[in-house]
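Q: What follows is a structure written as structure tokens; I'll ask about it next.
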Amino acid sequence: GSYFQCVDISAVSDLDEAEFCKWLTTEIGVAAIPLSAFYGDGFDQRVVRFCYAKKDVTLTQALQRLAKL
């Protein structure tokens with residue numbers, strides 16, 4: 001098991017994974033990891049990874065921010 005949820009971003013953004021993660025962190029205030037970071041060739045699948053091993057209040061705030069997308 002793990003504490004990560006992988007999410008397809010193609011319905012909410014045209015950015016590649018890395019750019020989307022940078023934008024999400026700076027503009028929305030929610031951090032994600034591009035799945036392409038785990039591939040040597042930077043294979044972009046339009047999927048990002050969120051960690052949910054957080055306090056409930058942190059997850060609630062993140063969900064409120066993500067709902068604006």
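The values are calculated or read from the model by the stated rules, or taken from the named source; none is laboratory data. None of these values were measured; they are calculated from a predicted model. What goes into the accessible areas is simple: the full protein's heavy atoms, side chains included, and nothing from ligands, DNA or RNA. Shrake-Rupley method; radii C 1.70, N 1.55, O 1.52, S 1.80 Å.
Q: Leaving out ligands, DNA and RNA, what percent of the accessible area of the chain is carbon and sulfur, probe 1.4 Å?
A: 54 percent
Q: Going by accessible area, probe 1.4 Å, with all protein chains left in place, what is the ranking of E27, E17, largest first?
A: From most accessible down to least: E27, E17.
Q: Additional query: Run the helix sum for the chain: -39,500 (n - 2.57) per DSSP H stretch of 4+ residues, divided by residue count, reported at 222 nm to the nearest 500 deg cm²/dmol.
A: That calculation yields -7500 deg cm²/dmol at 222 nm.
Q: Amide H neighbours of R46 under 5 Å, counting only residues 5+ apart in sequence or on other chains, H built in-plane at 1.01 Å?
A: Result for R46 returns E17.
Q: Which whole-Hz couplings ³J(HN,Hα) result when phi for each residue of the range 50-61 is put into the Karplus expression 6.51 cos²θ - 1.76 cosθ + 1.60, θ = phi - 60°, listed in order with x for Gly and Pro?
A: Per-residue couplings from phi come out as 10, 8, 10, 8, 9, 5, 4, 4, 5, 5, 4, 4 Hz.
Q: For the range 10-69, what is the accessible area per residue in Å² when the probe is 1.4 Å?
A: I get 69 Å² per residue for the range 10-69.
Q: Compute the normalised compactness of the chain: alpha-carbon radius of gyration over 2.2 N^0.38 Å, N being the residue count.
A: Dividing the Cα Rg of the chain by 2.2 N^0.38 Å gives 1.09.
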